[in-house]
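Structure first, then comments.
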Amino acid sequence: MIPVARHDSSGVRETDGAAEAAIAPTPGADRAAASARRLAVARRRHRIEIHSWQVVIVVVVLAAWEWLPQIPGAKGTAPVLDRFFISSPSAIIRQIWYLAAAAHNVPSIWPALGRTVITSVVGTVAAIIIGGLAGLLLGNYRSLAEIFAPFISALNAVPRIALIPVIVLIAGSSSVADAVTGFTVVFFLVFFSAFEGSRGVAYEMTEMMRIFGASRTGIMFRVRLPYAGAWVFVNLPNIISHGLVGVVTAELFSGGSGMGNLLVTAVDTADSTLTFGLVFYLALVGLILILGAGLLRDRLLSWWDEAGGASRSS
Amino acid sequence: MNISASPRAGLHEPGDDVPGPVGAPGPAAGDVVLAVEDVEYSYTPTAPALRDLSLSLRRGEVLSVIGPSGCGKSTLLAAIAGLVAPDAGRVWWPGAAPDSGARSGPRLTIMFQKETLLPWLTVEQNVGIGLRYIKSMDRQARADRVEQLLRMGGLTDARHVYPRHLSGGMKRRAALLASVAPLPQVLMLDEPFAALDEPTRVGIHKEVLDICHQMEVSVILVTHDLAEAISLGDRVAILSARPASVVSTHEVPFGSERDMFSLRQASEFQDLYRVLWGELSRQIERA
C-alpha cells in the first residue's frame, strides 16, 4: 500500500491507515486507529466551527436588513435603508414562494428560468468545445499561434457586451442571440485557459513522447489535451458564471422571454422585491451549476496536483 | 518468461519493432553500439556548444559524462537523440545505415531530470506509454512487458497509483521503467537523480544498474555529480568547458556488482575521484 498524505480544505493533514501507521512512533493498528479517530474529531470540530460562523454572519445580515429600515428616521438617512429600494428578507422570501407557485398574480418563474438555463448551458458548452479546441491547436502549433496572435488580442479587447446589438440584429430577438452572447463572453476565457494549459506542458514530456515515436498530432491529443482540459476545468466555475451573466445580459437587451426579460419588468415597475426574488433564483441556478461543475472537475482531475499543477509535480 | 535468466531474449516478443543485434563492428571497437564522431553544434554562430566531440558507447556499459556547468552536456544528449541536428560530424549506430536517425524506432530513449510521468495515468499506464508506439506489439504483449517491468522495479503494489502519490524515488523508478520498456539499445540519463536527497539517490543507483543490466541496455549518464559518475559508470568521460569536447575518458575499475554505500569509502574510489576531480576542476576554472 502506498502511503498517501493530503491536506483537506481546513488545512488538517489527513492520511490513510497505512500512511498513519508508517509515521506513528511505534507502529501498530491500535495506535494508527486512535490517531485517525483523533484527526477525524479535529476535522469535524473545525468544520462545525466554520459553519457556525457562517450561520452567524447570515443571521446578522438578514436581521439588519429586516429591522434596520424600521428604525424611525432611518429611511431618510440613505437609500440603502429605504424598503422601497431594498425590500426586506421576509417580503423577498414570500416573493420567492409566489414565483415558484405562480401565486398572488405573480407569473411562474420556471419557463423563464428554464429558457435562461438551457441557453446558458448551450452557449457555455459550445464555447468550451470550440474555445478549448482552438486553444489546444494554437498551443500545439507555434506558427498558428503567431499568425492568429494579433487577431485574438484585438477580439479579446472588444467588450463582448457591446456586441449584443450586432448579435441581436443578426440572429434576431431569440434564444440563439442570447446563446451566442453567452458563447462570446465565455469563449476567450476557455481559449486562454486551454492555450496556457497546452503551452505549459514541460518540454521534456513532449520530447520524451517524440523519442517514443509520437507524432506532433499524437502529442497534442495524448499529452497537451489533458493539460488543456485540466486548465479549463479548473476555471469551470468562473466560466459557468460568466456564461450565465452573458445570457442574462443579452436577455435584458434583446427582450427575450428569459430571466433578463423578467428583470426588465421588475425594474420597469420599480418592484425591488420581485428583483431580489429573481436574483435569488439566478444565484441559486448559478450555485447549482458551479457545484455540479466542481464535482465534475474533482472527478475528472483526481490526478491533478493542487500544490502546483500537474506539470510541476516533480 | 524469466527476466533474470535471459532478460532481453525473454522480453522480446516475436515481431517486436525493436532493432536487432549490432551487426558489423564499429570503427573503435567491435562492441560499439553508438558512435559520436567530430560533432559540432552552435545555437548561434557566436555561441558554439559542441566542438569536435567524439565518443563511443560500448554494448552494455554505463558511460558517465561529466563536465563544467553549462558546458553543453544536455546539448550532446539532444544531438545524440536527434532532437538537434549537428552542424558537422555525425552520430551513428554501427551495424545500421549511417545517419539513419535515432528516432526511427525505440533504439534510444531518454530519462530527464524533470518529471515526465504523465500525471493522469497510473504507474502501470506510464510504464507502458512508450509501448503504444510499437505497432507490432499487441495488447497482451504490452501488458506482459509492463507486468515484468513493474516486478523488476518493485512497483507492482503501486501499479494503480497516480504519480502525485508516489515518493521522489518511486517516481524516478517508474520513469526509468518507462524509459527502458521499449527495450532501447541505448538509454540516456540526463541528470535523472539530481532532485533526490543523497540517501535516496545512492539507494536508487543500485536499482538503476540492476535494471539496466537486466535489460541489457547501454547507458549514457550525464551528471554534474562526480561521485555519481564514478559509482554508476564503467567509464567516465570528462568534457571541456563550453564548447564541449571530450578531454579524457577513464575506465572505472569496479565490476557490475557494486555496493553503492561502501563503494565511496573504498581507497580505489577515492584515488579515482581525486584524479578525475583534478581534471574536472581545471575545466571548471576555464569555464
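Just so you know, all these numbers are worked out from the coordinates, no wet-lab data involved. Fair warning: this is a prediction, and the values are worked out from it, not measured in the lab. Positions of Cβ are backbone-derived with ideal geometry, glycine not excepted, and every protein chain shown enters the neighbour counts.
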- Give the stretch B:43-75 a look and list any residue that's hydrophobic (A, V, I, L, M, F, W, C) and under 19 Å from B:Val208 (Cβ atoms), or say none. B:Leu57, B:Val62, B:Leu63, B:Val65, B:Ile66
- For the stretch A:162-251, please list each of the helices (runs of 4 or more DSSP H) lying entirely inside it that holds at least 1 residues being closer than 23 Å to A:Leu144 by Cα and either away from every other protein chain (no Cβ under 12 Å) or touching an Asp or Glu at 6+ places or on another chain (Cβ under 7 Å) (or both). A:175-199, A:216-219, A:225-234
- Taking the stretch B:122-131 and keeping only residues that are more than 8 Å from chain A (Cβ to nearest Cβ) and either among the hydrophobic types (A, V, I, L, M, F, W, C) or under 21 Å from the mean Cα position of the chain (by Cα) (or both), one is left with B:Val123, B:Asn126, B:Val127, B:Gly128, B:Leu131
- Query: Mind checking which residues of the stretch B:184-207 are surrounded by fewer than 24 Cβ atoms within 10 Å (Cβ to Cβ) and away from chain A (no Cβ under 12 Å)?
  - Reply: B:Asp197, B:Glu198, B:Pro199, B:Thr200, B:Arg201, B:Val202, B:Gly203, B:Ile204, B:His205, B:Lys206, B:Glu207
- Of the residues in the stretch B:132-145 that are away from every other protein chain (no Cβ under 14 Å) and of a type outside the set (D, E, K, R), the one that is surrounded by the most Cβ atoms within 10 Å (Cβ to Cβ) is B:Ala141
- Query: Just wondering, is there one or more residues in the stretch B:109-121 that are more than 11 Å from every other protein chain (Cβ to nearest Cβ), farther than 21 Å from B:Gly203 by Cα and crowded, with 18+ Cβ neighbours inside 10 Å?
  - Reply: no
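Results for (1) free of Cβ contacts under 8 Å to residues at least 60 places away in the same chain; (2) of a type outside the set (Phe, Trp, Tyr); (3) under 21 Å from A:Leu282 (Cβ atoms), shown as yes or no for each residue.
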{"residue": "A:Arg47", "(1), (2), (3)": "yes, yes, no"}
{"residue": "A:Ile50", "(1), (2), (3)": "yes, yes, no"}
{"residue": "A:Val59", "(1), (2), (3)": "yes, yes, no"}
{"residue": "A:Ala63", "(1), (2), (3)": "yes, yes, no"}
{"residue": "A:Leu68", "(1), (2), (3)": "yes, yes, no"}
{"residue": "A:Ser87", "(1), (2), (3)": "no, yes, yes"}
{"residue": "A:Ile93", "(1), (2), (3)": "yes, yes, yes"}
{"residue": "A:Leu99", "(1), (2), (3)": "no, yes, yes"}
{"residue": "A:Ala102", "(1), (2), (3)": "yes, yes, yes"}
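Yes/no per residue for (1) touching a residue at least 12 places away in the same chain (Cβ under 8 Å); (2) out of contact with any Pro (no Cβ under 9 Å at 6 or more places or on another chain):
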site	(1), (2)
B:Thr223	yes, no
B:Leu226	yes, yes
B:Gly233	yes, yes
B:Ala241	yes, no
B:Ser267	no, yes
B:Gln270	no, yes
- Message: One residue is enough: does the stretch B:154-177 have a residue meeting the conditions among the aliphatic types (A, V, I, L, M), away from every other protein chain (no Cβ under 12 Å) and more than 19 Å from A:Met208 (Cα to Cα)?
- Response: no
